[in-house]
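First comes the structure, then the notes that go with it.
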Amino acid sequence: MRAHFDPGGTPDGLLAALHALSAEGAIGGLMVLACDANGWQPERLDPILRGCEIPLFGGIFPQITYQNQNHERGTLLLALGAAPEIACVRGLSEADADFDERVEVATEHWQEPAGATTMVVFVDGLSSRISALVDGLYANFGLENNFIGGGAGSLSFQQRPCILTNAGLLADVAVLARLPLRSRIGVTHGWEPISEPLKVTGARGNVVMTLDWEPAFAVYKRMVEAHSGQEMRAEAFFALAKSYPFGMTKLDTEIVVRDPLMVVDGNHLVCVGEVPEGAFVKLLNGTPDTLIAAARKARELTMPASAELAGPAQAASASYLFIDCISRVLFLGERIADELRAVGHDRPVNGAFTLGEIANTGDAFLEFYNKTSVFGILFDEAIG
C-alpha cells in the first residue's frame with residue numbers, strides 16, 4: 001500500500017490528494033484515515049467523496065499514525081493496488097436490527113473470492129450494537145478471511161458522521177471492505193485483573209446499569225477510588241476511568257476489554273461496545289510497560305510470516321497496519337512513541353487510534369475489543 005499524508009487535514013488537501021493519486025493510475029481503491037480535529041462536515045466533504053471515482057472507504061478518528069508518529073490533525077490515504085469490494089451496513093444502534101441479515105443483504109452482490117482475502121471494518125464507535133454487527137460478520141463469513149478495523153468517532157463522545165464512503169460522510173453505520181490480500185493479525189492489550197468477578201445484573205446494549213445488583217457507577221467508583229487513592233467524579237469521569245477498564249473472559253481468547261466512557265442517568269456506565277446482562281466482569285489496570293510489551297507481542301504474534309518476508313520481493317509487498325485504542329494514547333502520554341517503535345520495530349507503521357478495535361485472533365475468534373492493540377501485516381501480492 002502506498003501512503004500519502006496531508007498534515008493540514010483540510011477538505012481541499014483531501015481533494016488535491018485524490019487528484020494526485022488518480023493521476024498516478026494503477027490504483028484499485030483507497031483507505032482514508034482522517035483526524036477528528038480536521039473538523040470535516042458532510043456539506044463540505046460529500047461532494048468530494050461522491051465525486052471520487054476510485055472505490056473509497058475509511059473513517060474519522062481521534063488520532064492517526066503515519067510512519068510511527070501519532071497525529072491529532074491530518075489525513076492519511078493508503079492506495080491499494082487491487083479493487084476492494086465495499087458494502088455499508090446502516091443502523092448500528094437500532095435495538096431490533098438483525099445484523100446477520102443486514103450483513104448478508106449488504107454483501108450479497110460480492111463475488112466468490114478467488115484466493116485469500118482480508119476484511120477491513122470501520123464502524124461508528126459510538127453506536128450501541130457494534131458487537132451484534134461483529135456477530136453478524138462471523139455468521140456470514142466465519143474466519144474464511146482475516147478481519148482488522150475499529151471504531152471511528154470523536155473524544156467529545158458526541159455521535160456525528162464519521163464513516164467515509166463514496167456515498168458521503170455517514171453516522172451510525174459500518175463500512176466493510178474486502179481486500180484481495182493475504183494478511184497476518186496479532187491482538188493483545190496488556191491490562192491485568194485487579195478485582196474479583198462482578199456480575200452484570202442490569203445492562204442494555206452498551207450501557208451497564210447495575211453490578212451485583214448495585215448501581216453500576218457506585219460500584220465502579222468505590223473500586224477505582226480504593227485502588228487509585230484518587231476521587232472519581234462523574235463530571236470528570238474519563239480522566240480516571242481511562243486507567244480502569246472492565247474485562248470480560250471469553251473462550252479461546254484474551255480477556256475482552258470494555259472501556260467505560262461516561263456516566264448517564266446518575267449511575268449508569270456507557271461503554272464502547274456491548275456488555276451483556278449476566279456476564280461477569282473484572283476491573284482491570286495496567287502500566288505503561290505492560291501496555292508497550294503487549295503491543296510488541298501483537299507484532300510478534302504475526303511473526304510466522306517472517307519467513308515470507310525473507311526475500312526482497314516479499315518484503316516490498318508487505319505493509320504494516322496498526323489499529324490501536326485512543327485511550328492507550330491518553331494513558332501512555334509521551335510514551336506512545338515507545339509503543340509505536342515497539343510495534344513497528346524495523347518498518348514504518350501507519351494506522352488509526354480508534355474507539356474500539358475489531359480483529360480475529362488467529363483462526364479462533366472474532367471480537368470487538370477496547371483498549372487493545374491490533375497489528376496487521378498485509379501482503380499486496382500472493383505469497384507462495
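The values are calculated or read from the model by the stated rules, or taken from the named source; none is laboratory data. Since this is a predicted model, take the numbers as computed values, not measurements. Reconstructed Cβ throughout: ideal geometry from the backbone, glycine too, with neighbour counts over all protein chains shown. For the accessible areas, the whole protein counts, side chains as well, though only heavy atoms, and no ligand, DNA or RNA atoms are used. Shrake-Rupley method; radii C 1.70, N 1.55, O 1.52, S 1.80 Å.
Could we say that Val134 is touching a strand residue (DSSP E or B) at 6+ places or on another chain (Cβ under 8 Å) and among the β-branched types (Val, Ile, Thr) here?
It is true that Val134 is touching a strand residue (DSSP E or B) at 6+ places or on another chain (Cβ under 8 Å) and among the β-branched types (Val, Ile, Thr).
The rows are residues; the columns are (1) at pLDDT 95 or above; (2) over 24 Å from Ile358 (Cβ atoms).
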{"site": "His4", "(1), (2)": "no, yes"}
{"site": "Leu21", "(1), (2)": "no, yes"}
{"site": "Cys35", "(1), (2)": "yes, no"}
{"site": "Glu43", "(1), (2)": "yes, yes"}
{"site": "Ile48", "(1), (2)": "yes, yes"}
{"site": "Gly74", "(1), (2)": "yes, no"}
{"site": "Ala82", "(1), (2)": "no, no"}
{"site": "Ile86", "(1), (2)": "yes, no"}
{"site": "Gly91", "(1), (2)": "yes, no"}
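Do any residues in region 141-152 that are surrounded by 19 or more Cβ atoms within 10 Å (Cβ to Cβ) have Cβ atoms under 6 Å from those of residues that are hydrophobic (A, V, I, L, M, F, W, C) and not in a strand (DSSP E or B), where the two are at least six apart or on different chains, and which pairs are they?
As it stands, the answer is Gly151/Leu355; Ala152/Cys162, since those pairs meet every condition given.
With region 1-118 as the region, which helices (runs of 4 or more DSSP H) entirely inside it contain at least 3 residues that are closer than 22 Å to Ile326 by Cβ? Break it down into steps so the answer makes sense when it comes.
Numbers: elements: 11-24, 42-50, 99-107.
Counting at least 3 such residues, we get no helices (runs of 4 or more DSSP H) at all.
Taking region 222-231 as the region of interest, how many residues are open to solvent by less than 60 Å² (accessible area, probe 1.4 Å) and in contact with an Asp or Glu (Cβ under 9 Å, 6 or more places away or on another chain)? I'd like the intermediate steps shown before the answer.
Taking region 222-231 and keeping what is open to solvent by less than 60 Å² (accessible area, probe 1.4 Å), we get 223-225, 228.
Okay, now just the ones that are also in contact with an Asp or Glu (Cβ under 9 Å, 6 or more places away or on another chain), so 225.
Summing the residues that are open to solvent by less than 60 Å² (accessible area, probe 1.4 Å) and in contact with an Asp or Glu (Cβ under 9 Å, 6 or more places away or on another chain) in region 222-231 gives 1.
When you scan region 172-217, how many residues do you find that are at pLDDT 95 or above, among the small types (Gly, Ala, Ser) and either part of a strand (DSSP E or B) or open to solvent by 40 Å² or more (accessible area, probe 1.4 Å) (or both)?
Selection size over region 172-217: 4.
Checking Thr253 against (1) among the hydroxyl-bearing types (Ser, Thr, Tyr); (2) at pLDDT 95 or above; (3) part of a loop (DSSP other than H, G, I, E, B), which test does it fail?
With (1) among the hydroxyl-bearing types (Ser, Thr, Tyr); (2) at pLDDT 95 or above; (3) part of a loop (DSSP other than H, G, I, E, B) applied to Thr253, the lone miss is (2).
Output the number of the condition that Gln159 fails; it satisfies all remaining conditions of (1) more than 15 Å from Thr354 (Cα to Cα); (2) open to solvent by 20 Å² or more (accessible area, probe 1.4 Å); (3) out of contact with any helix residue (DSSP H, G or I) (no Cβ under 9 Å at 6 or more places or on another chain).
Among (1) more than 15 Å from Thr354 (Cα to Cα); (2) open to solvent by 20 Å² or more (accessible area, probe 1.4 Å); (3) out of contact with any helix residue (DSSP H, G or I) (no Cβ under 9 Å at 6 or more places or on another chain), the lone unmet condition for Gln159 is (1).
Conditions (1) touching a helix residue (DSSP H, G or I) at 6+ places or on another chain (Cβ under 7 Å); (2) modelled with pLDDT under 80; (3) under 13 Å from Gly376 (Cβ atoms); (4) open to solvent by 10 Å² or more (accessible area, probe 1.4 Å), marked per residue:
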{"site": "Ala313", "(1), (2), (3), (4)": "no, yes, no, yes"}
{"site": "Leu321", "(1), (2), (3), (4)": "no, no, yes, no"}
{"site": "Ile326", "(1), (2), (3), (4)": "no, no, no, no"}
{"site": "Leu330", "(1), (2), (3), (4)": "no, no, no, yes"}
{"site": "Val343", "(1), (2), (3), (4)": "yes, no, yes, no"}
{"site": "Val349", "(1), (2), (3), (4)": "yes, no, yes, no"}
{"site": "Ala352", "(1), (2), (3), (4)": "no, no, yes, no"}
{"site": "Glu357", "(1), (2), (3), (4)": "no, no, yes, no"}
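Whether any residue in region 265-288 is of a type in the set (Ser, Thr, Tyr), under 24 Å from the mean Cα position of the chain (by Cα) and modelled with pLDDT of 90 or more is what I want to check.
Keep residues of region 265-288 that are of a type in the set (Ser, Thr, Tyr), which gives 287.
Adding the requirement that they be under 24 Å from the mean Cα position of the chain (by Cα) leaves 287.
Still in the list and also modelled with pLDDT of 90 or more: 287.
Scanning region 265-288, I find at least one residue that is of a type in the set (Ser, Thr, Tyr), under 24 Å from the mean Cα position of the chain (by Cα) and modelled with pLDDT of 90 or more, so the answer is yes.
Just to be sure, is Lys282 outside any helix (DSSP H, G or I) and among the basic types (Lys, Arg)? Explain how you work it out, then say what you get.
On the way: outside any helix (DSSP H, G or I): yes; among the basic types (Lys, Arg): yes.
The answer is yes for Lys282.
Which one of the conditions (1) open to solvent by 20 Å² or more (accessible area, probe 1.4 Å); (2) modelled with pLDDT of 95 or more; (3) not aromatic (Phe, Trp, Tyr) does Gly59 fail to meet, given that it meets all the rest?
(1)
Quick one: Gln41 ticks every box in (1) in contact with a Phe, Trp or Tyr (Cβ under 8 Å, 6 or more places away or on another chain); (2) farther than 19 Å from Asp380 by Cα except a single one, so which number is it?
For Gln41, the failing item is (1).
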